[in-house]
Every structure is written in structure tokens, then in C-alpha cells.
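Notes to accompany the following structure.
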């Protein structure tokens, strides 16, 4: 908001400046592969859902291929299909 003196001030209640998100796949030129579980897991929530574009900053083209890779990894049981399928590796019991 601009005042009479020409200075720009912050709007009331706004605590941060929104930065434009850049697609990490476009910048780094990294391929999306369902076998790269560490990369694919970053785009799945703790509830097992695919995280939306507006939260991750991935472009539409890479979001489509990323969701396809997540679905392939789920089908091959490399990723859990639901939060009930997450097990503790050392004890074999379900996480709470």
C-alpha cells in the first residue's frame, strides 16, 4: 500500500513476502524415476497423499510425471499405498 509520501508499507497482518516457486526438475534437469524412492517420497504426505503443485512449486508437466511415478512405486510396493501400511523397520510393528 502506498502512502501520500510515496513510501511503500506492508499491509496489516501480512508477515511474509511470497516468493515465486520454481520447479526443481526444470532447474536441475533431474529425471523423475519411480525407482528413486528418496526423491518420490518428498512429494507424498505423511498420510500417503500426493502433495499438490501449489505446495511444492513443481510445474504442471513434471507434476503429471511425478504423480505417475508415485503411482508406479505404489503398485510395485516401493511406497506405502496408505498410512496403515507404514511399518517400523526394526521392530516390524506399526507406527502409532
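Structure data summary
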{"read-out": "Flag if residue 35 is in a loop (DSSP other than H, G, I, E, B), within 20 Å of residue 75 (Cα to Cα) and either out of contact with any strand residue (DSSP E or B) (no Cβ under 9 Å at 6 or more places or on another chain) or at pLDDT 95 or above (or both)", "value": "yes"}
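Per-residue answers, yes or no, for (1) at pLDDT below 95; (2) surrounded by 11 or more Cβ atoms within 10 Å (Cβ to Cβ); (3) closer than 30 Å to residue 77 by Cβ:
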| site | (1), (2), (3) |
| --- | --- |
| 3 | yes, no, no |
| 6 | yes, no, no |
| 10 | yes, no, no |
| 13 | yes, no, no |
| 21 | yes, yes, no |
| 25 | yes, yes, yes |
| 28 | yes, no, yes |
| 39 | yes, yes, yes |
| 44 | yes, yes, yes |
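The values are calculated or read from the model by the stated rules, or taken from the named source; none is laboratory data. Since we're looking at a predicted model, the values are computed, not measured. Here the Cβ is made from the backbone with ideal geometry for all residues, glycine too, and neighbour counts use every protein chain on show.
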